[in-house]
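Visitor: The structure's right below; bear with me while I get my questions together.
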Amino acid sequence: MAERTRIWIADAMRRLMEKKPLDKIRVTDICREAEIGRPAFYYHFKDKYDLVTWIFLYSVHKTDIISVSSAVEHLKQMKKDFTFYKRAFEESSQIALWKYIFEYFVERYTKIAKLKLGSRTLEEPIEFAIRLYCYGTIGITQEWLLRDTVTPAEKIASLMFSSMPQQLREIYFEEKTD
């Protein structure tokens with residue numbers, strides 16, 4: 001039930017973001033659009049920025065981050081939801097969506113690396129490579145989404161995966177260099 005309510009509120013936020021930028025949307029507007037009271041909103045989200053972050057994380061959670069085809073599908077969906085992501089990425093007053101995305105992906109890649117290596121900790125160079133790769137791919141995704149109307153999602157995903165540092169490729173894809 002709680003997830004359905006979050007989805008309902010998220011759908012209302014998406015509709016509002018089709019009409020106006022995030023900084024012009026108030027919680028009252030979201031509640032009116034979702035036909036809920038403010039207590040219901042605050043039960044699920046601490047503010048509108050928390051809601052925007054949840055929308056992104058909910059959509060990306062289904063993505064297999066070490067699968068090119070899964071990444072392609074997510075990138076295509078982001079293009080379909082262009083206005084939402086454009087407005088979310090443009091917002092800078094209280095949220096930098098990319099920071100939340102960055103931490104989310106670092107956590108996911110770290111978890112997978114630890115699992116594949118059978119380790120509770122990672123060496124500093126691997127942690128650095130994960131952070132560097134996540135930072136770069138998020139920046140490229142944002143740039144592609146907001147400014148590139150030509151390059152297909154398949155090409156972007158392929159370039160991102162082929163640009164992954166070799167030490168990470170060896171972990172995630174069990175590629176060995178001689």
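Every number in this text was worked out from the coordinates using simple rules, so none of it is lab data. This is a predicted model, so every value here is computed, not measured. Reconstructed Cβ throughout: ideal geometry from the backbone, glycine too, with neighbour counts over all protein chains shown.
Visitor: How about the range 90-153: which trypsin sites (Lys or Arg not before Pro) there are in a DSSP loop, with at most 12 other Cβ atoms within 10 Å of their Cβ?
Guide: Sites meeting the loop and neighbour criteria: 120.
Visitor: Here's another thing I want to ask about it. Given the options 69, 119, 162, which has the most mean-square fluctuation in a GNM of the chain, springs set between C-alpha atoms less than 10 angstrom apart?
Guide: Among 69, 119, 162, the largest mean-square fluctuation in the Gaussian network model of the chain belongs to 119.
Visitor: Taking 8 Å as the Cα distance limit and 6 or more residues as the minimum spacing, I'd like the relative contact order of the range 62-178 as a percentage.
Guide: RCO, the range 62-178: 34 percent.
Visitor: Let me ask another. Using 0.36 nm times the number of residues separating residue 5 and residue 24, minus their current alpha carbon distance, what extension gain do you get?
Guide: 4.5 nm
Visitor: State the extension gain, in nm to one decimal, for the chain segment bounded by residue 32 and residue 162, taking 0.36 nm per residue of separation less the distance between their alpha-carbons.
Guide: 42.2 nm
Visitor: Here is a follow-up. In straight Cα distance, which lysines are under 27 Å from residue 114, not counting same-chain residues fewer than 8 positions off?
Guide: Here the lysines satisfying the reach criterion relative to residue 114 are 62, 99, 176.
Visitor: Quick one: pull the percentage of alpha-carbon pairs in the range 62-178 with a separation above 23 Å.
Guide: 31
Visitor: Could you check the spin-label model distance between residue 98 and residue 114? Points 7 Å from the Cα along Cα→Cβ, value in nm.
Guide: About 2.7 nm separates the two model spin labels.
Visitor: Using Cα springs under 10 Å in a Gaussian network model of the chain, which residue among 53, 121, 141 shows the largest mean-square fluctuation?
Guide: 121
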